[in-house]
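The values are calculated or read from the model by the stated rules, or taken from the named source; none is laboratory data. Just so it is clear, the structure is predicted and the values come from calculations on it, not from any experiment. Note that we place each Cβ from the backbone using ideal geometry, even for glycine, and neighbour counts take in every protein chain shown. Note: areas computed on protein heavy atoms with side chains; ligands, DNA, RNA excluded. Shrake-Rupley method; radii C 1.70, N 1.55, O 1.52, S 1.80 Å.
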Amino acid sequence: MALLRTTNLLLLMLYPAAWLAPLAEAGVVSWWSGEDITIARGVWDLWAVDRALSILVALFAVVIPYAKTLMLSAVHFGWLGASAIPIIERIGKLSMADVFLVALYIVIVKGVGFGHVETAWGLWLFTGCVLTSIWVAWATRGRLRAHELP
């Protein structure tokens, strides 16, 4: 259980880094011409163009993944019971929506042949955080079933 607890606490530090890390580099695209695309910058830039979309991206890319990680920590430290795990797993899957949106954006731009988009290391960091969080929730559920969690 110590590995799950430590991994989850590490995610609390890695998520903010992933929000600031470059997901992709875009060129000749109206609102990101030649700049690194980050989650934080995307939310900021979208706020000026479409506040509802900005809020949705912030919710799926920032709030939900971090809330899930905090809730898993609460389970690991005994502040929440095993009944929270199914809820944590369901809401956590929503955080993959941001990875999908970035991938869709890249496919659309490359398919249209207008400008260029190259993926960057931050996309892999964010994807890794989300997938690791899914694994931690799954493994925690297994440990709770085996009554190994204090």
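Within region 136-147, the set of residues being touching a residue at least 40 places away in the same chain (Cβ under 8 Å) and of a type outside the set (D, E, K, R) comprises 136, 137, 138, 139, 140, 144.
Identification of helices (runs of 4 or more DSSP H) wholly contained in region 44-150 with 1 or more residues that are in contact with a helix residue (DSSP H, G or I) (Cβ under 6 Å, 6 or more places away or on another chain), at pLDDT below 90 and of a type in the set (S, T, N, Q) yields 51-58, 121-145.
Looking at 83, 73, just one residue is open to solvent by less than 70 Å² (accessible area, probe 1.4 Å), over 13 Å from the mean Cα position of the chain (by Cα) and of a type in the set (Gly, Ala, Ser), and that residue is 73. Beta carbons closer than 7 Å, at least 6 apart along the sequence or on distinct chains, pair a first residue in region 51-68 that is within 17 Å of residue 89 (Cβ to Cβ) with a second that is at pLDDT below 85 and open to solvent by 20 Å² or more (accessible area, probe 1.4 Å) for 60/94; 60/97; 64/91; 64/94; 68/91.
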